[in-house]
Amino acid sequence: MTDQYAVFGNPINHSKSPTIHRQFAEQSGQNLHYAKQLVAVDEFVKCAQDFFAQGGKGLNVTVPFKIDAFSFAQQLTQRAQRAGAVNTLAMQNDGVILGDNTDGIGMVHDMHNLDWELEGKRILILGAGGAVRGILQPLLAEHPELVVIANRTFSKAEELAAHFHDLGDVRAKTFEQLHGDKFDIVINGTSASLSNDLPPLPDNVLNQTACCYDLMYGSEPTVFMKWAQQHGAAKIADGLGMLVGQAAEAFYVWRHIRPEVVPVITMLRRQLAEKK
Ligand code: ATR
């Protein structure tokens, strides 16, 4: 039987995961089937159990099920444990279902592809929700000089900084406390872009060679990307490469093959442009 994979989410209609994984499979000559499945909000466990009971090999999990998937996994990678969320489930040879989180490493790999140096850099992260929690461990593993988490609700930034403090110099700040600070990399991990909003950033936080990254992507630059442009960022990227990067790492977890991400990013970018 062809190996079965799927992505579970709600909503799921616009998921690009099937397109991405089919490209990876084609590229690497892997025989697999990848579907998308709309799962009712209270039916994640039942659907995941059924999927694996029917011989399914692996799942990707997206909004709103990453925490359900975390509980569902029978074994967790260290990065999933730190993230408190799972986006990849894999049936292992011993029958144990492994939960991993490939979001953060997907972003880090994308930054490497973009030739952005992380080691020794001063990094500012905007936001302290699930998305940010997912990227912190892989980011800190790159040995930045400093990571500052700034969030509207300061207590959430403080909690995250405390949770990751053993992995590097991570500090929490309010947006007001950023006045006078300068950063080499600024990552927007808030969901503000979704509502065309921007966190209240001081004007002068970017170093001359600063790189700005939005975890979101779309057919148009996000509000944060426009802000970065206006404030002299040297390099600006959205999260499309991260989307493909997290998929590539999931593919690696399942198939032990690292697919080529660049042609897939190029294809998706073209599709987005056509939609405009
Ligand atoms: P996700 O899973 O996308 O991370 P989340 O866990 O709900 O979603 O987190 C959303 C993040 O975006 C939070 O850090 C939130 O700030 P609060 O913790 O203060 O709520 C941030 N956010 C959302 N809209 C924002 C806005 N308009 N301005 C600033 N921060 C915003």
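The values are calculated or read from the model by the stated rules, or taken from the named source; none is laboratory data. Computed from a prediction, not measured in an experiment: that's the story for all the values here. Neighbour counts run over all protein chains shown; Cβ positions are idealised from the backbone, glycine included. Surface accessibility is based on the protein's heavy atoms, side chains included, excluding ligands, DNA and RNA. Shrake-Rupley method; radii C 1.70, N 1.55, O 1.52, S 1.80 Å.
Evaluated against (1) within 12 Å of the ligand (Cβ to nearest atom); (2) in a helix (DSSP H, G or I); (3) open to solvent by less than 50 Å² (accessible area, probe 1.4 Å), residue 161 falls short on exactly one condition, (1). Regarding residue 172, is this residue within 13 Å of the ligand (Cβ to nearest atom) and touching an Asp or Glu at 6+ places or on another chain (Cβ under 9 Å)? So residue 172 passes the test.
Among residues belonging to the stretch 139-157 that are more than 10 Å from the ligand (Cβ to nearest atom) and buried (at least 24 other Cβ atoms within 10 Å of the Cβ), point out the one that is nearest to the chain's Cα centre (by Cα). Checking each candidate, the answer is 139. Of the residues making up the stretch 207-217, just one is within 19 Å of residue 118 (Cβ to Cβ), within 16 Å of the ligand (Cβ to nearest atom) and either open to solvent by 50 Å² or more (accessible area, probe 1.4 Å) or charged (D, E, K, R) (or both), namely 214. Is one or more of the residues making up the stretch 179-194 within 12 Å of the ligand (Cβ to nearest atom) and farther than 14 Å from residue 239 by Cβ? No, there is no match, as no residue in the stretch 179-194 is within 12 Å of the ligand (Cβ to nearest atom) and farther than 14 Å from residue 239 by Cβ. For residue 115, the criteria (1) open to solvent by 50 Å² or more (accessible area, probe 1.4 Å); (2) touching a residue at least 12 places away in the same chain (Cβ under 8 Å); (3) more than 16 Å from the ligand (Cβ to nearest atom) hold in every case but one, which is (2). Quick one: residue 32 ticks every box in (1) more than 14 Å from residue 66 (Cα to Cα); (2) at pLDDT 95 or above; (3) under 23 Å from the mean Cα position of the chain (by Cα); (4) open to solvent by 10 Å² or more (accessible area, probe 1.4 Å) except a single one, so which number is it? Exception for residue 32: condition (3). Screening 127, 134 for residues that are in contact with a Ser or Thr (Cβ under 8 Å, 6 or more places away or on another chain) and of a type outside the set (Lys, Arg) leaves exactly one candidate, 127. Here residue 203 clears all of (1) within 19 Å of residue 19 (Cβ to Cβ); (2) at pLDDT below 95 except the condition numbered (1). If you go through the stretch 118-131 and keep only what is touching a Lys or Arg at 6+ places or on another chain (Cβ under 9 Å) and away from the ligand (no atom under 16 Å from the Cβ), you end up with just 122.
Identify all residues within the stretch 218-229 that are in contact (Cβ under 8 Å) with a residue 40 or more places away in the chain and within 15 Å of the ligand (Cβ to nearest atom); write none if there are none. Spell out how you get there, then give the answer.
Step one: filter the stretch 218-229 for residues in contact (Cβ under 8 Å) with a residue 40 or more places away in the chain, giving 218-220, 224, 228.
Correct list: 218, 224.
One residue is enough: does the stretch 188-206 have a residue meeting the conditions surrounded by 17 or more Cβ atoms within 10 Å (Cβ to Cβ), part of a helix (DSSP H, G or I) and β-branched (Val, Ile, Thr)? No, because not a single residue in the stretch 188-206 is surrounded by 17 or more Cβ atoms within 10 Å (Cβ to Cβ), part of a helix (DSSP H, G or I) and β-branched (Val, Ile, Thr). Looking across the stretch 45-65, the residues that are surrounded by fewer than 22 Cβ atoms within 10 Å (Cβ to Cβ) and under 21 Å from the mean Cα position of the chain (by Cα) come down to 62, 63, 64. One residue is enough: does the stretch 78-99 have a residue meeting the conditions in contact with a helix residue (DSSP H, G or I) (Cβ under 6 Å, 6 or more places away or on another chain), within 26 Å of residue 142 (Cβ to Cβ) and open to solvent by 40 Å² or more (accessible area, probe 1.4 Å)? Yes, the stretch 78-99 has at least one match.
Can you tell which of 73, 69 is surrounded by 15 or more Cβ atoms within 10 Å (Cβ to Cβ) and either within 15 Å of the ligand (Cβ to nearest atom) or of a type in the set (S, T, N, Q) (or both)?
Numbers: 73 fails: either within 15 Å of the ligand (Cβ to nearest atom) or of a type in the set (S, T, N, Q) (or both).
69 is the lone residue from the list that is surrounded by 15 or more Cβ atoms within 10 Å (Cβ to Cβ) and either within 15 Å of the ligand (Cβ to nearest atom) or of a type in the set (S, T, N, Q) (or both).
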